[in-house]
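What follows is a short report on a single structure.
No lab work stands behind these numbers, since they all come straight from the coordinates. It should be emphasised that the depicted structure is a prediction, and the values quoted were computed from it without experimental measurement. For neighbour counting, all protein chains shown are included, and Cβ atoms are generated from backbone atoms with ideal geometry for every residue, glycine included.
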Amino acid sequence: MHPAGAAAAGTPRQPSKRRIPVAQPGMSDPHQLFDDTSSAQSRGYGAQRAPGGLGYPAASASPQEAFLADPVSNMAMAYGSSLAAQGKELVDKNIDRFIPVTKLKYYFAVDTMYVGKKLGLLFFPYLHQDWEVQYQQDTPVAPRFDVNAPDLYIPAMAFITYVLVAGLALGTQDSRFSPDLLGLQASSALAWLTLEVLAILLSLYLVTVNTDLTTIDLVAFLGYKYVGMIGGVLMGLLFGKIGYYLVLGWCCVSIFVFMIRTLRLKILAEAAAEGVPVRGARNQLRMYLTMAVAAAQPLLMYWLTFHLVR
């Protein structure tokens, strides 16, 4: 073995040194394959163009300039806005032909004081003396100013509450409640109300009664019976059948008196204004019609609630 070879074997091999080029200022990295263009904006290549430059409309451009910049889209927007305005105007003109929105607003013009007085009148009509509806320039005043005026707020709320109370009553009975029964109760009550209104309108036509009693007035007057029905069912849930029959009986008599004193001003008073004799045949028919409408309310109140109390 040669001494030179032994010396080479005993001495560790030093790694070879490579000359790394030093990047000069302003030059790219020598190891980078592609140039870095992320700082192009600093060199002005990707800088945002000034307003009003090529491809960017001026921020303060006038409507005429904006229209000229894109006439097709602006014309389409103008045409669509015109169609929408015409459609809204057409609906506003013809909606009263199908849904008397203006009249419905009158029947919902109530406040808390009116609701309290009206509920007291429904439960205690015997204490009320003046049943005349007040008018202002041949137009009845809003319900909130006259407790005798009919409204739709109390009948609507009473109808919804009746359906909920009926569901509560059926839920307390063993294996009798199901969600379908709520719909059945609501549809049954609504069907009876519709049948009542149609029967009264037909009767008024056959008796040839000239009255200002409208269909909405009939719905309002016939819907007041749901207030007594709610009271009867709640008392039945709290005190059993005795409480149900006592409260429902009181409410039935109250609604009978209320309907007689209210409808006679709408039906019989018109006959007196027309000069019809009090004991005439037509006036007798009108009186019988008034009695029949009032007597039907207690019967329906019992029919729609007796199965809810066990």
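Charged side chains reduced to their Cβ positions (Lys and Arg at +1, Asp and Glu at -1) give the range 184-274 a dipole of some 360 debye around its Cα centre. Distance between the 7 Å Cα→Cβ label points at Gln173 and Met75: 7.0 nm.
So how many Å³ per residue does the convex hull of the Cα atoms of the range 125-215 work out to?
Hull volume over Cα atoms, normalised by residue count, gives 154 Å³.
If R0 is 30 Å, what FRET efficiency do you get for Lys117 and Ala156 from their C-beta distance, rounded to 0.05?
Efficiency at R0 = 30 Å is approximately 0.95.
Sorting 290-302, 147-159 by average packing, meaning the other beta carbons within 10 Å per residue, from highest down gives 147-159, 290-302.
So which of Lys103/Lys266; Lys103/Lys225; Lys241/Lys266 end up more than 25 Å apart by C-alpha? As for pairs spanning more than 25 Å Cα to Cα, those are Lys241/Lys266.
Each peptide in 258-267, 199-208 gets a packing score, the mean of other Cβ atoms within 10 Å over its residues, and the list from highest to lowest is 258-267, 199-208.
At R0 = 25 Å, how high is the FRET efficiency between Lys241 and Leu181 if r is their beta carbon distance? Nearest 0.05 is fine. The calculated FRET efficiency here is 0.75. Shape summary of the range 176-240, radius of gyration then Dmax from alpha carbon positions: 15.8, 48 Å.
The Rg/Rh ratio of the range 150-306, with Rg taken over Cα atoms and Rh as the Kirkwood radius over Cα pairs, comes to 1.04.
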